[in-house]
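Written out below as structure tokens is the structure these notes cover.
The values are calculated or read from the model by the stated rules, or taken from the named source; none is laboratory data. No experiment lies behind these values; they were computed from the predicted model shown. Here the Cβ positions follow ideal geometry from the backbone for every residue, glycine too, while neighbour counts run over all protein chains shown. Protein only, heavy atoms only, side chains kept; ligands, DNA and RNA dropped before computing areas. Shrake-Rupley method; radii C 1.70, N 1.55, O 1.52, S 1.80 Å.
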Amino acid sequence: MKKIILPLLAVAFSLTAAAQNSNNNAKDIVSKMTLDEKINLVVGMGMKLPGQGGTGVGLTDDKVPGAAGTTYSIPRLNLPTTVVADGPAGLRINPTRPTDRRTYYATAWPVATLLASTWDTKLVEAVGKGMGNEVKEYGVDVLLGPGMNIHRNPLGGRNFEYYSEDPVVSGKMAAAMVNGIQSNGVGVSIKHFAMNNEETNRNTINVITGTRAMREIYLRGFEIAVKESNPWTVMSSYNKINGTYTSENYDLLTTILRKEWGFKGLVMTDWFGGTNTVAQMKAGNDLLMPGTPDQRKAIKDAVDNGTLDVKVIDENAARIVNYILGTPAYQHYAFTNAPDLKAHAALARSAATEGMILLQNNHAALPLNKSIKSIAPFGITSFDFVSGGTGSGDVNEAYTVSLAEGLTNAGFKLDEELSKNYEDYVMGEKSKQPHKSFLEEFMNPTPRITEMPIDDKVFADKAATNDVALITIGRNAGEGSDRKVENDFNLKASEIALIDKVAAAFHAKNKKVIVVINSGGVIEVASWRNKVDAVLLAWQPGMEAGNAVADVLSGKVNPSGKLASTFPVKYEDDVTAKNFPGIEFKDKATKGMLGMPMIPAEVTYEEGVYVGYRYYNSFKIKPAYAFGYGLSYTHFTYTNIRLSATTFKDKISVTVDVKNTGTVAGKEAVQLYLSAPAKKMNKPAEELKAFDKTRLLQPGEKQTLQFEINAKDLASFDAKNNNWVAEAGTYTVKIGASSENILQKASFTLPAQKMVEQCHAVLQPQVTVNELKR
């Protein structure tokens with residue numbers, strides 16, 4: 001044992017020493033800077049806005065056109081400019097450049113909601129490796145992602161960028177993505193820290209929340225990601241928490257992030273985030289992005305008049321220098337501008353199939369029978385598939401494979417007349433839409449085109465001449481605004497009419513109807529799902545979308561995705577529906593950048609820790625589809641749960657056998673929930689603590705999965721004493737195929753209450769939050 005331990009200790013000591021040397025080197029470099037150089041370093045180089053000129057302190061020529069921002073260079077100290085670029089679903093840079101015939105397209109990967117639905121951290125890490133390769137080979141140093149805010153409400157405009165309603169899923173998926181990206185020697189910026197759970201009034205919203213909900217739900221995922229992946233940077237969010245902007249909050253950025261969690265990297269603002277430059281510096285928000293002359297002046301004035309100690313700037317600058325020393329730019333990496341896009345497209349296609357979720361499959365409507373000779377494709381989205389969301393999470397990819405193209409590539413024959421009519425209609429309607437710049441689209445998003453009018457006679461004709469009908473329902477959303485209930489979460493009248501007419505015509509001929517949902521977020525399904533035979537949730541699968549969907553529909557890939565967010569029966573069933581997105585104070589509105597209104601607003605998280613399935617399960621509200629739910633073309637059994645001990649000391653191992661009892665090969669995402677004693681503290685019925693996914697199991701094949709439960713998994717946050725406490729009593733381990741479908745149980749006891757971790761930052765709300773209790 002000593003032979004093993006000593007080398008490990010040597011490696012740990014070596015890494016610690018290397019980090020310390022790097023920090024010392026950074027401090028030494030900062031000590032040689034002038035005050036102006038330090039200030040320029042902590043203020044980004046600005047950005048060029050169409051028609052607005054520049055906003056920065058230097059605005060050198062773009063090293064990577066289309067990147068989001070750069071840091072200041074100090075050539076005399078050998079510090080180069082570094083480049084940061086969006087985004088969570090793939091690198092976002094300009095695909096073409098003036099006087100350059102080459103192209104600079106990037107891979108549009110499946111969105112975060114889909115990746116989380118794979119429940120496969122190894123796969124997500126592989127996607128991260130591919131994404132990071134493009135970051136490096138296109139000359140970028142830091143990718144501004146992954147996004148990992150909680151799906152608090154189904155209408156969140158940027159939910160597609162985020163993973164889940166659950167912090168364990170969010171944290172584990174983000175950690176896997178970060179580890180994959182950073183394995184290339186480039187960095188990430190996990191975002192938006194913290195509680196940026198809506199886009200409405202995002203620059204002014206004051207989130208009023210209790211400390212327990214903040215710690216257990218909204219900070220926990222970030223904590224996991226920081227501790228398990230060591231991200232280079234963290235991006236603070238736009239919003240306030242309990243009255244203070246996050247970028248100006250010392251307790252959040254320094255006490256919690258650095259002192260409690262051990263974060264060693266730098267913190268940057270979201271673009272133009274916060275209002276008090278000096279407070280941001282003091283809070284430990286090292287880098288102000290994209291950077292403005294006003295911020296530079298504010299820092300200089302504060303140092304000169306004594307309200308800002310230059311030592312604060314020294315610390316912030318040292319963390320930025322320490323970051324720069326590890327970048328490809330500092331190492332003079334000769335990027336190629338030629339990543340392996342073909343290989344990445346293949347990986348994107350494979351990853352997309354793993355996260356698609358079979359929600360319904362009545363009468364074994366799927367996979368499509370090989371005897372099917374002709375498919376009738378309905379819905380504009382069958383021909384105009386959505387690869388990903390809008391805003392900074394968008395990607396400039398070379399192509400997106402439509403579902404019609406994917407089915408054709410898979411060897412299926414589509415109704416030619418119907419296809420031609422849809423293609424012409426989509427092309428014609430899109431030609432009427434004005435061309436917009438990124439900024440114009442951000443400020444005034446172009447709505448998706450409406451469904452094509454179809455004569456009633458056509459439905460009967462197509463039912464007579466085709467073997468199956470396929471309807472695609474499409475949704476898109478993104479940065480800057482949240483979704484709406486009507487005509488977005490709920491289907492449009494034209495979409496309901498389309499489903500009704502197709503189903504009536506094809507069922508009259510005893511033929512199946514399949515619906516594919518192409519959306520980055522949750523939609524209403526309960527009112528119409530029984531009218532059709534099968535429902536496949538494809539999410540937004542990236543550039544290889546149509547091919548990936550066809551892989552699942554055809555049975556080439558057995559669906560194994562499961563929901564990482566709950567689908568409610570109706571929007572009003574969600575506990576946050578009554579207060580999302582909050583209250584506006586329009587009488588206090590001012591004008592912000594580009595004339596955009598800045599309306600003060602606030603939202604109170606009255607639900608406390610009861611977010612998503614924690615609410616549905618604890619209060620017995622039946623959802624349309626539960627957290628963790630997903631069907632397969634095969635069947636699995638769970639048996640033989642075993643605990644390593646029945647009394648908890650430091651940790652407990654849990655094993656369970658999973659067997660494929662069906663007729664085709666498949667994978668199964670297995671979830672471990674824990675029910676805790678609740679005599680001293682109100683607690684959800686059960687909470688996810690671990691998950692894993694089997695390998696591809698052949699019919700009759702079995703795999704034993706192992707999970708580990710540690711003391712932090714038992715603990716809840718005691719706001720009164722500001723610590724994590726595991727209550728004495730009996731804990732029930734629940735292994736299931738979803739949060740509702742628990743298939744194996746076992747129990748253990750904790751003999752005495754255990755204080756797991758004492759915290760330091762308080763972050764108490766300004767007012768008492770009357771949180772929901774069971």
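Could you check segment 673-709 and list, in sequence order, the residues that are charged (D, E, K, R) and either over 26 Å from residue 773 (Cα atoms) or part of a strand (DSSP E or B) (or both)? So that I can check it myself, show each step before the final result.
Start the filter on segment 673-709 by keeping residues that are charged (D, E, K, R), which leaves 679-680, 683, 686-687, 689, 692-693, 695, 701-702, 708.
687, 689, 692, 693, 695, 701, 702, 708, listed by residue number.
Can you spot a residue in segment 749-759 that is touching a strand residue (DSSP E or B) at 6+ places or on another chain (Cβ under 9 Å), more than 21 Å from residue 219 (Cβ to Cβ), modelled with pLDDT of 95 or more and surrounded by 19 or more Cβ atoms within 10 Å (Cβ to Cβ)?
Checked segment 749-759: at least one residue is touching a strand residue (DSSP E or B) at 6+ places or on another chain (Cβ under 9 Å), more than 21 Å from residue 219 (Cβ to Cβ), modelled with pLDDT of 95 or more and surrounded by 19 or more Cβ atoms within 10 Å (Cβ to Cβ).
Confirm whether residue 608 is surrounded by 15 or more Cβ atoms within 10 Å (Cβ to Cβ), part of a loop (DSSP other than H, G, I, E, B), within 21 Å of the chain's Cα centre (by Cα) and not β-branched (Val, Ile, Thr). Steps first, answer last, please.
Values: surrounded by 15 or more Cβ atoms within 10 Å (Cβ to Cβ): yes; part of a loop (DSSP other than H, G, I, E, B): yes; within 21 Å of the chain's Cα centre (by Cα): no; not β-branched (Val, Ile, Thr): yes.
Taking the combined requirement at face value, the residue does not satisfy it.
Considering each residue of segment 727-745, count those that are assigned to a strand (DSSP E or B) and either without any contact (Cβ under 8 Å) to a residue 60 or more places away in the chain or open to solvent by 20 Å² or more (accessible area, probe 1.4 Å) (or both), and give that number.
8
Got a number for residues in segment 487-526 being in a loop (DSSP other than H, G, I, E, B) and without any contact (Cβ under 8 Å) to a residue 12 or more places away in the chain?
Final tally of qualifying residues: 1.
Can residue 385 be described as of a type in the set (Phe, Trp, Tyr), more than 19 Å from residue 521 (Cα to Cα) and in contact (Cβ under 8 Å) with a residue 40 or more places away in the chain?
no
Determine if segment 190-202 includes at least one residue that is crowded, with 24+ Cβ neighbours inside 10 Å, touching a strand residue (DSSP E or B) at 6+ places or on another chain (Cβ under 9 Å) and hydroxyl-bearing (Ser, Thr, Tyr).
no
Out of the residues in segment 164-189 that are more than 25 Å from residue 688 (Cβ to Cβ) and either in a loop (DSSP other than H, G, I, E, B) or of a type in the set (D, E, K, R) (or both), which is most open to solvent (accessible area, probe 1.4 Å)?
Applying the first criterion (more than 25 Å from residue 688 (Cβ to Cβ)) to segment 164-189 yields 182-187, 189.
Narrowing further to those that are either in a loop (DSSP other than H, G, I, E, B) or of a type in the set (D, E, K, R) (or both): 183-186.
Values: 183: 73, 184: 33, 185: 28, 186: 0 Å².
By that ranking, first place goes to 183.
Taking segment 506-519 as the region of interest, how many residues are over 11 Å from residue 537 (Cβ atoms) and open to solvent by less than 40 Å² (accessible area, probe 1.4 Å)?
The initial filter retains those residues of segment 506-519 that are over 11 Å from residue 537 (Cβ atoms), namely 506-514.
From the residues that got through so far, the ones that are open to solvent by less than 40 Å² (accessible area, probe 1.4 Å) too are 506, 513-514.
Total satisfying the criteria: 3.
Kindly state which strands (runs of 3 or more DSSP E) lie completely within segment 204-276 and contain at least 1 residues that are touching a residue at least 12 places away in the same chain (Cβ under 8 Å), open to solvent by less than 30 Å² (accessible area, probe 1.4 Å) and closer than 30 Å to residue 327 by Cβ.
Once the strands (runs of 3 or more DSSP E) in segment 204-276 are filtered for at least 1 residues that are touching a residue at least 12 places away in the same chain (Cβ under 8 Å), open to solvent by less than 30 Å² (accessible area, probe 1.4 Å) and closer than 30 Å to residue 327 by Cβ, what remains is 233-236, 266-268.
Condition first: open to solvent by 10 Å² or more (accessible area, probe 1.4 Å) and in a loop (DSSP other than H, G, I, E, B). Now tell me which residues in segment 567-581 satisfy that.
Step one: filter segment 567-581 for residues open to solvent by 10 Å² or more (accessible area, probe 1.4 Å), giving 569-575, 577-581.
Within segment 567-581, 569, 570, 574, 575, 577, 578, 579, 580, 581 qualify.
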